[in-house]
Amino acid sequence: MRLVGLRVRTAHTLLGDVIFERRVYECPRTRRQVAPLDLELGLSSGAHLSRGVVAKVAWAAARSAYGPASEDLERLAGITVGKAEFARVVEEEGARVLEIQGEREERWSEPVGTDRPVLAPEMPCEKLVLEVDATVVLTVAGEEHKSVYCGRAFDASSRVDKEGRPMLIESRFAASAHSLDDFRGRFDALANRCGARSAKKVAFIADGAIPLWKLAEDRFSFAVHIQDFWHVSEHLHGLAKLLFGEGTKEAREKAEHWSALLKESRVDDVIDELRKEHKRRRGAKRECIQAKIEYIEAGRHRMDYKRYTAEGWPIGSGAIEGTCKHLVKERLCVTGARWRRENIPNIMALRLCRANREWDADFAQNAKST
């Protein structure tokens, strides 16, 4: 490398714009130029944001759309960054964090018997609850809408009652905006991270989606499998409205009766009553009853709700539904938002970084720099 000379550069820092001179070197063979001070300060080619500013831009972008995030940064921190710069930071930092998360998950997923000791659980659980679900992110015209798979892990004892509503004190999350196969590996890592290998008992909770139960059977056959009670109850309520009239007393009472039987693990009684209705009905109503019978029969081995409740397990998937809402939809599904599929994983990596309280670790270099 040969010295080209001193060149002036401007950097946007947390303390304001800084103009400085630094030595620039050039490779005689490739003609590529580099300034060691730029590398030390974390200033990439063509970028003018210090690492400290990058961290704040990434944080703001992970919380809200670029426009509002830009306004918040300018008003609260006096930092002026345009939407294009926000997009660049999300692309670069999201990809960097996604790589860190992948390396971390590989470590959590290492099989027992490797030359390195298995990592001790970060959040050890005696009764580990694993919940999974998926949600959809709308994409730009010409691209198929994207499914984002989400997982949540917590100890059953971490549920507390707050003003009549269950609340989780501590949990960890996994997500994938690539594919269900990619999510499988990430969810395995999440389970190990929360003590699946050492937990006394494990429960797997999801709605009726067949791919999610295939995942449970393939990876967590040892767990207690619980099909979300409220989804099944919704099916019964919908059927009652169809058969007895929406808004009628008979429909409401019948739905509540079926749901009460279901909660008492009297699934056979529910099916028997549906079969009696099936004989009495014709046409579309008869077909709908048959579909509900088949739906309940397919999942009946996951509907022993009285036992699950007695053993201290949740019987609903509200925790993971809340995860889909707060981790994905609050940011990616705002009114009018349309995403390119290739951009979704980067913003999700930043969202997951925040949710799992890994921001300080993954942005440690940023935190030390203005």
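Summary of computed values
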{"quantity": "Residue tally, condition assigned to a strand (DSSP E or B) and in contact with a strand residue (DSSP E or B) (Cβ under 6 Å, 6 or more places away or on another chain), over region 156-177", "calculated": "10"}
{"quantity": "Residue in region 336-356 that is surrounded by 13 or more Cβ atoms within 10 Å (Cβ to Cβ) and acidic (D, E) present", "calculated": "no"}
{"quantity": "Given (1) touching a Lys or Arg at 6+ places or on another chain (Cβ under 8 Å); (2) modelled with pLDDT of 90 or more; (3) among the small types (G, A, S), index of the condition A77 fails", "calculated": "(2)"}
{"quantity": "Verdict on E234 being in a helix (DSSP H, G or I) and without any contact (Cβ under 8 Å) to a residue 60 or more places away in the chain", "calculated": "yes"}
{"quantity": "Residue ID - farthest from L6 (Cα to Cα), chosen from residues in region 25-42 that are aliphatic (A, V, I, L, M) and in contact with a Lys or Arg (Cβ under 9 Å, 6 or more places away or on another chain)", "calculated": "L41"}
{"quantity": "Residue tally, condition hydrophobic (A, V, I, L, M, F, W, C) and out of contact with any helix residue (DSSP H, G or I) (no Cβ under 6 Å at 6 or more places or on another chain), over region 299-312", "calculated": "1"}
{"quantity": "Filter result (surrounded by 14 or more Cβ atoms within 10 Å (Cβ to Cβ), part of a loop (DSSP other than H, G, I, E, B) and without any contact (Cβ under 8 Å) to a residue 40 or more places away in the chain) within region 274-306", "calculated": "R281, D304"}
{"quantity": "Only one of A189, A95, A120 that is part of a loop (DSSP other than H, G, I, E, B), out of contact with any strand residue (DSSP E or B) (no Cβ under 6 Å at 6 or more places or on another chain) and not basic (K, R)", "calculated": "A120"}
{"quantity": "Selected residue (criterion: surrounded by the fewest Cβ atoms within 10 Å (Cβ to Cβ)) from residues of region 67-119 that are within 18 Å of L14 (Cβ to Cβ) and within 24 Å of the chain's Cα centre (by Cα)", "calculated": "F86"}
{"quantity": "Residue pairs meeting the criteria (Cβ under 6 Å; at least 6 apart or on separate chains; first assigned by TED's automatic domain parsing to the domain that holds R300 and on the phi > 0 side of the Ramachandran plot, in region 248-271; second exposed (fewer than 15 other Cβ atoms within 10 Å of the Cβ) and among the β-branched types (V, I, T))", "calculated": "none"}
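Results for (1) modelled with pLDDT under 95; (2) in contact with a strand residue (DSSP E or B) (Cβ under 8 Å, 6 or more places away or on another chain); (3) under 30 Å from G142 (Cβ atoms), shown as yes or no for each residue.
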site: C288; (1), (2), (3): no, no, no
site: I296; (1), (2), (3): no, no, no
site: V328; (1), (2), (3): no, yes, yes
site: A337; (1), (2), (3): yes, no, yes
site: N346; (1), (2), (3): no, no, yes
site: L352; (1), (2), (3): no, yes, yes
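The values are calculated or read from the model by the stated rules, or taken from the named source; none is laboratory data. Every value quoted in this text rests on a predicted model; they were computed, and no experiment measured them. Glycine also receives a Cβ, built like all others from the backbone with ideal geometry; neighbour counts cover every protein chain displayed.
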